[in-house]
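J.: Just dropping this structure here.
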Amino acid sequence: GKPTTFITIDKDHSRKLVFALPGNPVSASVCCELLVRPCLELLHNGVDIDEIGRQTGPNFEDESTMREAVKYVVENANVHEEVVASITSDIKLDMGRPEYHRVTLNRKPIDNNSGQYIYQATSTGQQRSSIVLSLRNADGLMMLPRGGPMGCGSTVAKKGESFPVFMFSKISSSIGSGTKFKDSSHRPILDYNNDHVHNKREKLMVGVVICLSEKDRGKKDVLPDELGSRIVRSLGGESKASITSHVTCIVPTMAKAPNDNFANKLSSLIHGPAIEGSNVIFVVVASKGDTSKSRTRHVAFRTGLEVNHALAPIIDKHAHALALQVRKGASSQDGIAAMFENVVGTLRERSSLIITCSDIGLERAIGAMKGSLFHAVSVNS
């Protein structure tokens, strides 16, 4: 559901709500359930306006009262009914993000008179966003946590473990019988994310890996402070970003075959203690010299190719749109930068964003994606 977008359009004294959903059918269906359906529920059934006035005060023209009123409406909006169900078999967890797993439910009464039930959930099978059959006979979406060291710590949800399920249909047919948002399983996640994102947006913690060709080995003691200062200035100054650490890596002369030793060394530096604590890592290919000379351009281009090849195994997911912004920004400062193949993505084994770029056009490269970068880092963290 990554392409999901929500905007409002004000025209002719009215406001229209626009949801842009993903193209894959299952992604579109799940995002519609999670986002569009609760919105329609709120628009059609709403919240008692008199109760809002009693809770927040009748003067909605006052800004603070209006904020409280909006908060009350959101808190008391009906969302999906929820049940907690135990799974009937092991389910492999997604290492990159939480998952809304399509399940069928079987319920059994706790006893004959209580009217209460226990639920068991069975996976509908493969959960890829293009497999429409995963929706067949599904009763709801089971909210499974992100797996791995950056998530719940486990790679598998074990048989018998229990997780919340958002129901596709109401258990009770009466209006207003759904779970209120303030009682939803999503609520603590939202509270955590709001605090987490706010904290992360305050400042970027930047690790810098400087890649030098063997020809420029002598500059490894001069460049770190200079490049670090350029990066911090381009990100908005010390109030917005700080350099946690910087390391230098020598790129061997490019051979016909890939250099596995260099790839292993670069990976070790990025995952090592020197860069630990960084939520964004800049891998800068230094190409100091007269960029009007073809030799400098040639070395920078070939060095960049070697670096990007070495990074390929450790990048989990690519952010191609951000990489394009970087390239356009850099080339607007210096046309030679267009030769460099920029890469932006997330690391497989840690919650950090990684960006490769040349020192040519560095300021505008960062400036072109600065606004998106703060958001991307906060979401990835």
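The values are calculated or read from the model by the stated rules, or taken from the named source; none is laboratory data. Just so it is clear, the model here is predicted, and its values are computed rather than measured. FYI the Cβ positions are ideal-geometry reconstructions off the backbone, even for glycines, and counts take in every protein chain you see. With ligands, DNA and RNA removed, areas are computed over all heavy atoms of the protein, side chains included. Shrake-Rupley method; radii C 1.70, N 1.55, O 1.52, S 1.80 Å.
J.: Between a first residue in segment 1-22 that is under 30 Å from R128 (Cβ atoms) and a second residue that is open to solvent by 50 Å² or more (accessible area, probe 1.4 Å) and hydroxyl-bearing (S, T, Y), which pairs have beta carbons less than 9 Å apart while being 6 or more apart in sequence or on different chains?
T.: Note: pairs meeting the criteria are G1/Y100; L17/T8; V18/T5; V18/T8; F19/T5; A20/T5; L21/T5.
J.: OK, next. Could you please give the count of residues in segment 217-238 that are at pLDDT 85 or above and open to solvent by 80 Å² or more (accessible area, probe 1.4 Å)?
T.: Adding up the residues that qualify gives 2.
J.: While we're on this one: What do you reckon, is N137 out of contact with any helix residue (DSSP H, G or I) (no Cβ under 8 Å at 6 or more places or on another chain), at pLDDT 85 or above and more than 30 Å from L347 (Cα to Cα)?
T.: For N137, the condition - out of contact with any helix residue (DSSP H, G or I) (no Cβ under 8 Å at 6 or more places or on another chain), at pLDDT 85 or above and more than 30 Å from L347 (Cα to Cα) - is met.
J.: Somewhere in segment 172-180, is a residue part of a loop (DSSP other than H, G, I, E, B), at pLDDT 85 or above and over 16 Å from T88 (Cβ atoms)?
T.: No, segment 172-180 has no match at all.
J.: Quick one: count up the residues across segment 349-381 that are modelled with pLDDT of 85 or more, under 14 Å from N279 (Cβ atoms) and basic (K, R).
T.: So the answer is 0.
J.: Helices (runs of 4 or more DSSP H) wholly in segment 1-97 with at least 1 residues that are modelled with pLDDT of 85 or more and of a type in the set (K, R) - which ones?
T.: 37-45
J.: Which of the residues that make up segment 98-135 are open to solvent by 60 Å² or more (accessible area, probe 1.4 Å), assigned to a loop (DSSP other than H, G, I, E, B) and touching a strand residue (DSSP E or B) at 6+ places or on another chain (Cβ under 9 Å)?
T.: P98, I110, Q116
J.: Against the definition (modelled with pLDDT of 90 or more and either within 16 Å of V209 (Cα to Cα) or of a type outside the set (F, W, Y) (or both)), how does T346 come out, yes or no?
T.: When the stated conditions are applied, T346 does not pass them.
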